[in-house]
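What follows is a short report on a single structure.
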């Protein structure tokens, strides 16, 4: 049996305590809260910012001055991440793979993929991987917090010529006003 001051990981808790219990403080050694320069005086709460294990209360800045999302994320589970355009700014997304949904039954958001070629079957699904423009970021119509947002993305293929300048399309509006053909598919991704 481990000593009282040894933490053991369990399924229910990352600090070795049964779910819902609070560790008794040991006055002979400094608490974890006292050891941290940036302490939040609660066990859980809204508007926490966690950077390298240090907890602070506040609301982080959403965008850096260069238009890139001001995200701090260490990706502990090694998820596939991608950078995408939203309204002319770079945001980050986790790619969880393709899904089959009925858009009349499930709320979906729109994702635009800029391609040189794509072939869709009679149901609107791609027959093979689209020939994406190398270096072009995909484009989202929404981000979390917007009423139209959904974590399920419906692909719209924007077909551009070979002389297209990479990343000149950076928003849904850019795509819709570009004059390039847009093929709304039945390809969905989470």
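Answer yes or no as to whether residue 37 is more than 30 Å from residue 140 (Cα to Cα), modelled with pLDDT under 75 and in contact with a strand residue (DSSP E or B) (Cβ under 8 Å, 6 or more places away or on another chain). Don't jump to the end; show me each part of the working.
Numbers: more than 30 Å from residue 140 (Cα to Cα): yes; modelled with pLDDT under 75: yes; in contact with a strand residue (DSSP E or B) (Cβ under 8 Å, 6 or more places away or on another chain): yes.
Judged against the criteria, residue 37 is a match.
Between 95, 74, which is modelled with pLDDT under 95, out of contact with any helix residue (DSSP H, G or I) (no Cβ under 8 Å at 6 or more places or on another chain) and assigned by TED's automatic domain parsing to the domain that holds residue 168?
95
Output the number of residues of the range 147-179 satisfying the condition of being surrounded by 14 or more Cβ atoms within 10 Å (Cβ to Cβ), in contact (Cβ under 8 Å) with a residue 24 or more places away in the chain and either over 24 Å from the mean Cα position of the chain (by Cα) or not assigned by TED's automatic domain parsing to the domain that holds residue 100 (or both).
3
The values are calculated or read from the model by the stated rules, or taken from the named source; none is laboratory data. Keep in mind the model is a prediction, meaning the values are calculated, not measured. Note that each Cβ is placed from the backbone with ideal geometry, even for glycine, and that neighbours are counted across all protein chains shown.
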